[in-house]
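The next block holds one structure in the form of structure tokens; read it before the comments.
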Amino acid sequence: MLLKIETLRTDKQKERAARLLDDPANVALRLAHGAYQRIIRCYAQEDRRKGKGVMAELIEALNARGAAPGCPELAVLGRTLKRRMGDVLAFFDREHSANGPTEAINGRLETLRGIALGFRNLDNYITRSLLHTGGFRHTIQTHL
């Protein structure tokens, strides 16, 4: 329920989230959830230039010293986002950008790696990988 954007929650979910986030024992959760919701709003902006500006401000705020007292994970996130700020903000400069193609290739590589597991000999591993991917098709002689 906390992974949903606030506007998509039902009344019951909003009530449960409020109870959970208002609990003094959940200060770190409240901070992390607030940052998460702000990040979602940046990506949901219709005006990409405005979204980029808000995201840059958010990254600077998360990276500020003492920005997340009691939540060291959020401080680490702030440092990581600051280090990768150019990459994060590049999304807003290029319309329809996504990492789907990269994830698809990675998925295929993982599948291939799983198929060729158990081979101790590198030549056998390469041969099995090529068989799976069709790498030997051009060398198969069908006229015999």
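Rule-based calculations on the coordinates, nothing more; no lab input. Nothing here was measured: the structure is a model prediction, and the numbers come from that model. Cβ coordinates were reconstructed from backbone atoms using ideal geometry, including for glycine residues, and neighbour counts include every protein chain displayed.
Taking the centroid of alpha carbons for each part, segment 26-65 and segment 71-136 are 26 Å apart. Which Cα, out of TYR43, ALA32, ASN63, lies furthest along the positive dipole direction of segment 6-93 (beta carbon charges, K/R +1, D/E -1)? Going by the Cα projections, it comes out as ASN63.
Rounded if a/c is under 1.5, else prolate if a/b is larger than b/c, else oblate: which is segment 100-139, with a ≥ b ≥ c the root eigenvalues of its Cα gyration tensor? Intermediate results must be reported in sequence, preceding the final value.
Numbers: a/c = 3.37, a/b = 1.38, b/c = 2.45.
It comes out oblate by the Cα gyration axes.
Relative intensity of segment 1-102 on a log10 scale, I(q)/I(0) at q = 0.16 Å⁻¹, equals -0.80, per a Debye sum over C-alpha point scatterers of equal strength in the absence of solvent. Note on the chain: with charges restricted to the Cβ of Lys and Arg (+1) and Asp and Glu (-1), its dipole about the Cα centre is near 120 debye. Ordering THR10, LEU81, VAL54 by the projection of their Cα atoms onto the charge dipole of segment 6-93, which places +1 on the Cβ of Lys and Arg and -1 on the Cβ of Asp and Glu, puts LEU81 at the extreme positive end. Toward the positive end of the charge dipole of segment 100-139, with +1 on the Cβ of Lys and Arg and -1 on the Cβ of Asp and Glu, the farthest Cα among THR102, LEU131, GLY114 is that of LEU131. Only lysines eight or more places from LYS12 in sequence, or on another chain, were considered; those with a Cα closer than 20 Å are LYS4. Principal-axis analysis of the Cα atoms of the chain puts helix 100-115 at an angle of about 50° to the longest axis. In terms of surrounding Cβ atoms within a 10 Å radius of their Cβ, LEU109, LEU20, LEU31 rank from fewest to most as LEU109, LEU20, LEU31.
Computed from backbone phi, the HN-Hα couplings of segment 55-69 come to 5, 4, 5, 5, 4, 5, 5, 5, 7, 5, 4, x, 6, 10, x Hz, rounded to whole numbers (Karplus: 6.51 cos²θ - 1.76 cosθ + 1.60, θ = phi - 60°; Gly and Pro given as x).
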